[in-house]
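Visitor: Quick one: this structure, given as structure tokens, is what I'll be asking you about.
The values are calculated or read from the model by the stated rules, or taken from the named source; none is laboratory data. The structure displayed is predicted, hence computed values, not measured ones. Note: ideal-geometry Cβ built from the backbone for every residue, glycine included; neighbour counts use all protein chains shown. Note: areas computed on protein heavy atoms with side chains; ligands, DNA, RNA excluded. Shrake-Rupley method; radii C 1.70, N 1.55, O 1.52, S 1.80 Å.
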Amino acid sequence: MSAGHTAVTAPAAPAAPRTPDEPVIVCDTPQDECGVRDVLDRLGDTWSVYVVVELASGIRRFKELQRAIPGNISQRMLTLTVRRLERDGLVRRTVYPTIPPQVEYELTDLGHSLTHLVKALADWSIAHRPAIAAARETWDAAGAVQGR
């Protein structure tokens, strides 16, 4: 995800501060997880965030989307990814009755509501990249000494 993708949406309102003993996620039972696992599984896969970021810029045809996503996503994997995002209500697929059929993808309102979170994650990663790199170097150096 390039730095240029961080200007896709307006910034979200800041969240209320959390007290140290307040849990991050509160569910009725530990087993139900409030549905968080399903959402995180979808958005935590290799390609979904890239698709959301690319579609935040507008409607894309399949091959445009495939070319725009970094990492050389296969046709099969892109098909599976957009179908899953469509099933979750984040992406809308429109098929035009042409020969060959023209297919376009765009974010739904629900998908667009996700973009401020993706932007926040991208901004956070850019801002903290040096600290993370330094922490990795320190950890790796200590591991070499400790035999990790």
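Visitor: Starting from the range 51-74, take each residue that is among the basic types (Lys, Arg) and list its partners that are assigned to a helix (DSSP H, G or I) and crowded, with 16+ Cβ neighbours inside 10 Å, counting only C-beta distances under 8 angstrom and pairs at least six apart or across chains.
Guide: Listed pairs, sorted by first residue: Arg60/Glu54.
Visitor: Out of everything in the range 48-64 that is of a type outside the set (Lys, Arg) and open to solvent by 40 Å² or more (accessible area, probe 1.4 Å), what residue ends up being farthest from Gly111 (Cα to Cα)? Working first, answer last.
Guide: Quick first cut of the range 48-64, residues of a type outside the set (Lys, Arg) only: 48-59, 62, 64.
So of that shortlist, the ones also open to solvent by 40 Å² or more (accessible area, probe 1.4 Å) come out as 50, 57, 59, 64.
On the way: Tyr50: 13, Ser57: 12, Ile59: 13, Glu64: 19 Å.
The qualifying residue farthest from Gly111 (Cα to Cα) is Glu64.
Visitor: While we're on this one: Just the residues that are charged (D, E, K, R) and either exposed (fewer than 15 other Cβ atoms within 10 Å of the Cβ) or touching a Ser or Thr at 6+ places or on another chain (Cβ under 7 Å) (or both), please, taken from the range 85-107. Reasoning before the result, please.
Guide: At the first step, the residues of the range 85-107 found to be charged (D, E, K, R) are 86-88, 92-93, 104, 106.
Scanning the range 85-107 gives Arg87, Arg92, Arg93, Glu104.
Visitor: Considering the range 71-81 alone, what residues qualify as being touching a Ser or Thr at 6+ places or on another chain (Cβ under 9 Å) and surrounded by 12 or more Cβ atoms within 10 Å (Cβ to Cβ)?
Guide: Initial filter on the range 71-81 (touching a Ser or Thr at 6+ places or on another chain (Cβ under 9 Å)): 71, 73, 77, 81.
Ile73, Met77, Thr81 - these are the residues of the range 71-81 that are touching a Ser or Thr at 6+ places or on another chain (Cβ under 9 Å) and surrounded by 12 or more Cβ atoms within 10 Å (Cβ to Cβ).
Visitor: Leu114 passes all but one of (1) open to solvent by 80 Å² or more (accessible area, probe 1.4 Å); (2) under 23 Å from Gly35 (Cβ atoms); (3) touching a residue at least 24 places away in the same chain (Cβ under 8 Å); which number fails?
Guide: (1)
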